[in-house]
Amino acid sequence: MAETRIEKDSMGELAVPVDALYGAQTQRAIENFPISGQAMPEAFVRALITIKKAAARANQKLGVLDDTRAQAIINGCDNLLSDANIMKHFPIDVFQTGSGTSSNMNANEVIAYLASKQSDSNVHPNDHVNLGQSSNDVIPTAIHVSAAIEVSNELVPALDILIKIIEDKAQTLSAYCKTGRTHLMDAMPVRMDQSITAWASQLKQHRWHLKTLQAPLHTLAQGGTAVGTGVNSHPEFATTFCDVLTQITGLEFMPSQDCFALISAQDTAVALSGVLKGIAVTLMKIANDLRWMNSGPLAGLGEITLPALQPGSSIMPGKVNPVIPEAVAMAAAQVMGNDTTISIAGQSGNFELNVMLPLIANNLLTSLSLITNSAVALGEKAIRDFSVNQDNLASSLYKNPVLVTALNPIIGYAKAAEIAKAAYKEKKPVVEVAARMTDIPKDELEALLDPTKLTSKQPLD
């Protein structure tokens, strides 16, 4: 049997592991919620501790918490934030009380324990660490703060990396022309730089959407306490807290003008999840485009060759698979599933409190991490170093009967369709068939049907 010590809370005494920093309320939650074995994300825990640090400093500034206890709490928070093994102190399952009270008290107890060890005064988890706060405003605040930090410090830089890699790669591909495809069928030609620059444009649009969510994401519920009225908090706590938190994080946070909304609902988290789903959709589209272009090398399109990263089969020697696009596609699918869960959880705001807050926090931060890591991997391990198989591009490009579309203004759609059908049937280049079936000289046809010229808008005579 592991050694224990006795801790006490409002429900009585409870045995806690002797080396644990947490107390009775955390231990009760450990015993009550053996659901998934999955703890809250580290980004959330770190945001929660940072909130406690900012709250202690704010309460000290406002004169409602003495200097000794305030500094002890701040020091305890700093010790935790510098601990590489921080998560061993925060074992509570994601699937816990819907307000996240167990996670809030876990933080309060750990910080109080550390603060009391280095202070001449007893530091109480509720009376001092949680002073002027409630789980009902702390946890929604932690969702916003953790997501804001991840978006600013991780996701946006990752998207910037991917966009730059795509744009740099596009500059090396302008000389390559390929058969365009709609419905997976041959269509008019495109240049390869045009094809992949579209990916960068999609990502830039998502980056703009993230920017539009910055203000609501940086608006916090802290100060609303239990139901939004701010009971038991100093009238200036919310403003002072946000000022301190801004100084700590370098991100500009502001108090909400309506804490009732941010405590009872999670609309901003739902909206952010929707943007992440949109990015996931784009990443899956890019991943699948890469897979199709790389397919083969003999029986597929074989237009590009992705970097060979690992053996592709345990039984077929020499096989190499598009592992990065596949991994990214799976991550994207998970983000789409997370968004559905967050949507359901977001509507679970019954009257004055949403009661699926830990689930929202977990899925939102998981999605942020998946998108961030996928974007970098896709750029650095797939897009940057793929090579183009020019022979495969050219072999189908000039035979493509759809090129006859360029003759529509001259001979009409019906005649052009007749030529295309004949070219398909005879398996001959469309130039040869058009030369036989029209009065247009072959050299003029070659100019009109030049695939590269068709990738740019041509002036009409």
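The values are calculated or read from the model by the stated rules, or taken from the named source; none is laboratory data. Being a predicted model, the structure only gives us computed values, none of them experimental. Note that we place each Cβ from the backbone using ideal geometry, even for glycine, and neighbour counts take in every protein chain shown.
For region 382-423, taking the residues that are farther than 26 Å from residue 304 by Cβ and touching a Pro at 6+ places or on another chain (Cβ under 9 Å), the one that is surrounded by the fewest Cβ atoms within 10 Å (Cβ to Cβ) is identified as 421. Exactly one residue out of 26, 50 is polar (S, T, N, Q), under 33 Å from the mean Cα position of the chain (by Cα) and under 27 Å from residue 242 (Cα atoms), and it is 50.
Of the helices (runs of 4 or more DSSP H) entirely within region 169-260, those holding at least 1 residues that are closer than 17 Å to residue 61 by Cβ and either of a type outside the set (S, T, N, Q) or not assigned by TED's automatic domain parsing to the domain that holds residue 364 (or both) occupy 237-249. Within region 68-107, the only residue that satisfies the criterion of being buried (at least 22 other Cβ atoms within 10 Å of the Cβ), free of Cβ contacts under 8 Å to residues at least 40 places away in the same chain and under 30 Å from residue 349 (Cβ atoms) is 77. Among the residues of region 13-34, none qualifies, meaning not one is surrounded by fewer than 14 Cβ atoms within 10 Å (Cβ to Cβ) and at positive phi.
Cβ-Cβ contacts under 6 Å between residues 6 or more apart (or on different chains), taken from a first residue in region 424-442 that is in contact (Cβ under 8 Å) with a residue 12 or more places away in the chain and outside the structural domain of residue 410 (by TED's automatic domain parsing) to a second residue that is of a type in the set (Lys, Arg) and surrounded by 16 or more Cβ atoms within 10 Å (Cβ to Cβ), are absent. Just one of the numbered conditions (1) in contact with a strand residue (DSSP E or B) (Cβ under 6 Å, 6 or more places away or on another chain); (2) of a type in the set (Val, Ile, Thr); (3) at positive phi is not true of residue 239: (3). Is one or more of the residues making up region 135-146 in contact (Cβ under 8 Å) with a residue 12 or more places away in the chain, more than 30 Å from residue 270 (Cβ to Cβ) and buried (at least 17 other Cβ atoms within 10 Å of the Cβ)? Within region 135-146 (the criterion being in contact (Cβ under 8 Å) with a residue 12 or more places away in the chain, more than 30 Å from residue 270 (Cβ to Cβ) and buried (at least 17 other Cβ atoms within 10 Å of the Cβ)), the answer is no, since none of the residues qualifies. Selection of region 218-231 for residues being in contact with a Ser or Thr (Cβ under 6 Å, 6 or more places away or on another chain) and surrounded by fewer than 22 Cβ atoms within 10 Å (Cβ to Cβ) yields 219, 226, 231.
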